[in-house]
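Written below as structure tokens is the structure these notes are about.
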Amino acid sequence: MISISEWQKFGLGIVGFGIFFILLGILLYFDPVLLAFGNILFLCGLTIIIGLKKTFWFFFQRQKLKGSTFFLGGVIIVILRWPILGMTLEFYGSFALFRGFFPVISGFLGSCIPFLSSLFQRQQGTRSMV
């Protein structure tokens with residue numbers, strides 16, 4: 001089992017609140033204050049969990065620079081009260097940043113849930129044919 005420190009637990013809580021405020025901001029018709037608050041909490045929590053140096057290294061790798069630019073630019077645009085444009089840029093940036101994690105996540109979910117395992121195997125089989 002992975003042991004996490006008290007600070008990492010605190011950071012995980014902050015990330016959770018950040019995601020909650022982002023979802024609440026989306027549900028309340030892209031409320032810019034809730035979205036900006038959620039973005040700030042999410043980034044602060046991520047920094048607390050993995051550390052300042054690793055956060056900086058993650059966002060500013062050469063191959064992830066495009067995704068980081070869109071994600072952080074979207075955060076700034078949301079803070080400047082253009083929520084729909086900012087969230088669109090953030091979503092694109094987050095997909096570009098976490099593109100490498102999707103096969104890992106699908107493999108993990110496939111190993112945990114048998115129904116999803118057969119679904120993922122079928123999707124991978126149809127992709128290889130195309």
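Points to keep in mind about this one:
- Residues considered: I84, I79. Of these, the only one that is under 20 Å from D31 (Cα atoms), of a type in the set (V, I, T) and open to solvent by 90 Å² or more (accessible area, probe 1.4 Å) is I84.
- Taking region 20-53 as the range and being over 21 Å from W82 (Cβ atoms) and in a helix (DSSP H, G or I) as the test, the residues that pass are F20, C44, G45, L46, T47, I48, I49, I50, L52, K53.
- Odd one out for L12 among (1) surrounded by fewer than 16 Cβ atoms within 10 Å (Cβ to Cβ); (2) over 20 Å from F98 (Cα atoms): (2)
- Flag for F56 being in a helix (DSSP H, G or I), open to solvent by 80 Å² or more (accessible area, probe 1.4 Å) and closer than 20 Å to F20 by Cα: no
The values are calculated or read from the model by the stated rules, or taken from the named source; none is laboratory data. Note that this is a predicted model, so its numbers are computed, not measured. With ideal geometry, Cβ positions are generated from the backbone for all residues, glycine too; neighbour counts draw on all protein chains shown. Calculation scope for accessible area: heavy atoms of the full protein, side chains included, ligands and nucleic acids excluded. Shrake-Rupley method; radii C 1.70, N 1.55, O 1.52, S 1.80 Å.
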